[in-house]
2 protein chains.
Amino acid sequence: MINDSSFVLRGGIAFSESMHGITTYYRGYLVCVDGICQGAFTELPEKYQGLKLYDYGERLIIPGMTDLHVHAPQYTFRGIGMDLELLEWLSTYTFPEEAKYSDIEYAKKAYSYFSHDLRRCFTTRAVVFATLHNEATIELMNQLEETGVITYVGKVNMDRNGGENLEEKDAATSIQATREWLEQIQGKYVNTKPILTPRFIPTCSDELMKELGKLSAEKELRIQSHLSENHSEIEWVKELVPASTCYANAYEMFDTMGSKELPTIMAHCVHSDEHEMEIIKNHGAYIAHCPTSNMNLTSGVASVRKFLDAGLNVGIGTDVAGGSSMNMLDTMLATLQVSKMYYRLVDQSVKPLTFEEVFYMATAGGGKYFGKVGTFKPGYDFDAVVIDDSKMYSMRDMSIRERIERMCYNDADAIIKDKFVKGKRVYTAVD
Amino acid sequence: MINDSSFVLRGGIAFSESMHGITTYYRGYLVCVDGICQGAFTELPEKYQGLKLYDYGERLIIPGMTDLHVHAPQYTFRGIGMDLELLEWLSTYTFPEEAKYSDIEYAKKAYSYFSHDLRRCFTTRAVVFATLHNEATIELMNQLEETGVITYVGKVNMDRNGGENLEEKDAATSIQATREWLEQIQGKYVNTKPILTPRFIPTCSDELMKELGKLSAEKELRIQSHLSENHSEIEWVKELVPASTCYANAYEMFDTMGSKELPTIMAHCVHSDEHEMEIIKNHGAYIAHCPTSNMNLTSGVASVRKFLDAGLNVGIGTDVAGGSSMNMLDTMLATLQVSKMYYRLVDQSVKPLTFEEVFYMATAGGGKYFGKVGTFKPGYDFDAVVIDDSKMYSMRDMSIRERIERMCYNDADAIIKDKFVKGKRVYTAVD
């Protein structure tokens, strides 16, 4: 058993030092001291030789992944109704389902499925939407704290267009509920932080948005929301905030685009143009790229290559249940595939993403949102996943780099054996 | 144990009666007599009440799937080198790998991985490329016969552009080897049939193509090949066969496009225009749509909606190792996703495929190539897969239709329990 937060792991190590390469060690050593990574080594430095060593043999050890955008209450209905587009899918499936979380017993059970599976997947950090219900949101946070995964969790704000069962009465009611929620959870968790969560402009009145902007400044709280996912949604926002120059500008008008110190996460940005990209960049916001969802709901393809070239912060989100799986490997694969499709079908001056870039985004790129997270460079939080890929028979000597790529293109036999967050083992598979 | 070829299965049944709907029975009865499906029923008809009944409870029973295009020798290196496009990927990974199948011991071991996994997946019928080596191809056929899966298998023909280690000396040598192969396997198998397999125009001289056309007519053998997968490939074919009006016409010139009685399978057809579609239709050829591969190798997106509207025969192929998985559910999902991307990014007059259409294509659409295969209508071969999806927790009462869709969008917990081909159980999971 690995109980201490100082130890050495040995195995096939892979991580990103930059977006352009994957550093690998065959049978290398990875050192954790007090939950912090001390680096990876070919030979174990003398000063660490007193630490307990756990030898994983031929297994792979990679950084834990950051899921920048996932809806916990949508988990149990993932993968149905997927012939619909966003707005119809929300009103037909999502909003009626989320309305059920007014029932705490329902929430308790449904969230237990989400928490159970989150603990067992590649994700060590996640930024999570709950619903608008305080009690259910706290239940989710209680459960997530238990998983050991480090998260931001948002009680959702929505005071219009949610239908009669999923709407707060007005901006004041929504803000009041948010303040109560923040009081109720204050000092309660180590790993679970609150994040302000206006669902998106169509469900939040101008007043509510303004008040959330103020609350963010007052409490130094980050914000997450959705941006430029679907054409009909974008048109709608234009009608709702006619003075805005673009969707991101509407958020900007309400002071909810955040700052480098309190960066906002914007999910999707499928149809963001250069003007919108500039706003995102000016605020130091993070883009949660959610390609599985964007395919499933026929939203389109975000041009991630352009985001990277412009120096924007980009991570990856599974966006369950627009996305249908919490497996970040699936989402990495979709990231590669849609970038190839964008290149082939839309613009051949926008080169497809490389595997190195996508691996970076899923680990260090999204991890940056949480601080020094997502790689095995010295000084980073020790978030790691140990993988057994021995069922993926091969006839060749596979390099570590090849095994990592293969695992992403075909995840069926990539079995998680152990998962560490900040040096603490939070999951171990039963052999 | 289910030993007889006459029995009744009970469970959650789903199958296509047409492309436009999925017929379902909750706790319905599915009757097999002498390997032939007698239909699905809400109540078990009296005349079948003497048959042994196997009750699968809440499990799902769907038709076995047809993988219309898969490369057996590429299986063990699936999922690597995927940042390359077709021609570079072939010369860097594929051809050097296939060259190794001159060593029968190598082939024996590598094919055992393919056969092992084929038996355990949703596929009950497959059309398979081997390599150009007779001995290895016969080894593959021996192994496939043991799986119980019904297949067409092709010794590959290629007398140019394969590099020094993967080329037959000339057309005569290639044809001679093909005749020998056909003699060696004559009468040897029940479930494993030969199919003529010119790799594609770039690797087959005009003379070889002509001779294969003749051999097809002489022996009444079907043909499989590749068509219009990648822009560079298409340009190359234009140079190689300058008199052709299009890539399909090049095949037509050599009498290898087949006929309704001996239909040719053409994999990909990503860039087939109306002229090419007409040629495909005139010959009654089958299109093996391989969307995973077409994304992975940045080939593009075939407009399947147009193929269906034009009344072409379309099935789905995993195209391992351009595709990285033999799981037909993955390929169904990719089929849905690329059709949505084609609609969104290329042409909004071409509506995305529905889930019903894709389920049809994976079962009955491709199954038609094998005769009365791919659905549970009376008179069809009894090919069925029993699935346990109980690990996919849900908070709602899921309809059979919803469970089938969910399983396709998220296959991780869809566990195959039993697989039947022509009424014979060929695989059963160890609980």
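The values are calculated or read from the model by the stated rules, or taken from the named source; none is laboratory data. None of the values given here were measured: they were computed from a predicted structure. Here the Cβ is made from the backbone with ideal geometry for all residues, glycine too, and neighbour counts use every protein chain on show. Heads up: the accessible areas ignore ligands, DNA and RNA and are worked out on the full protein's heavy atoms, side chains in. Shrake-Rupley method; radii C 1.70, N 1.55, O 1.52, S 1.80 Å.
Key figures
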| item | result |
| --- | --- |
| Straight-distance crosslink candidates among aspartates and glutamates, where the alpha carbon sits under 16 Å from residue A:372 and sequence neighbours closer than 8 are dropped | A:17, A:34, A:67, A:261, A:381, A:383 |
| Relative contact order computed over segment B:188-265 (Cα-Cα under 8 Å; 6+ residues apart), in percent | 35 |
| Separation in nanometres of the label points that stand 7 Å from Cα toward Cβ, at residue A:393 and residue A:347 | 4.6 |
| In Å², nearest 10: area of residue A:411 left accessible to a 1.4 Å probe | 40 |
| Helix runs (DSSP H) in chain B reaching 30 Å along axis by Cα, Kyte-Doolittle at least -0.5 | none |
| Relative contact order computed over chain B (Cα-Cα under 8 Å; 6+ residues apart), in percent | 21 |
| Of A:8, B:217, B:136, farthest towards positive along the dipole that unit charges on Lys, Arg, Asp, Glu beta carbons give the protein assembly as shown | A:8 |
| Size of electric dipole in segment A:82-370: Cβ of Lys, Arg +1 and of Asp, Glu -1, about Cα centre, debye, nearest 20 | 980 |
| Segment B:94-189: relative contact order in percent, alpha carbon pairs under 8 Å with at least 6 residues between | 28 |
| Copies compared at residue B:273 - label distances in nm, ascending, label defined 7 Å from Cα in the Cβ direction | 3.2 |
| Magnitude of the charge dipole, segment B:148-255, Cβ model with Lys/Arg +1 and Asp/Glu -1, debye to 20 | 480 |
| Sum of -39500 (n - 2.57) over DSSP H runs of 4+, divided by residues of chain A (222 nm, nearest 500) | -9000 deg cm²/dmol |
| Teacher prompt: residue A:106 distances to equivalent labels in other copies, 7 Å Cα→Cβ, nm | 6.0 |
| Overall form of chain A per C-alpha gyration tensor (a/c, 1.5; a/b vs b/c) | prolate |
| Residue with peak Gaussian network fluctuation, chain B [Cα springs, cutoff 10 Å], from B:402, B:145, B:357 | B:402 |
| Nearest-0.05 FRET efficiency for residue B:146 and residue A:413, computed from C-beta distance (R0 22 Å) | 0.50 |
| Inter-chain Cβ neighbour average for residues A:334-343, partner chain, 10 Å | 5 |
| Label-to-label distance, nm, for residues given as residue B:281 and residue A:116 (7 Å Cα→Cβ offset) | 5.1 |
| Calculated label separations, residue B:391, copies of the chain, 7 Å along the beta-carbon direction, nm | 0.8 |
| Positive-end extreme of charge dipole, segment B:314-429 - chosen from B:331, B:366, B:348 (charges on Cβ) | B:366 |
| Length gained when the stretch residue B:20-residue B:5 is fully extended (0.36 nm per residue, less Cα-Cα span) | 2.3 nm |
| Dipole of segment A:113-261, positive end: most advanced residue of A:228, A:246, A:147 [Cβ charges, Cα centre] | A:147 |
| Estimated distance in nm for a label pair at residue B:170 and residue A:41, the labels positioned 7 Å out from Cα along Cα-to-Cβ | 6.5 |
| About the Cα centre, charge dipole magnitude for the protein assembly as shown (Lys/Arg +1, Asp/Glu -1 at Cβ), debye | 1540 |
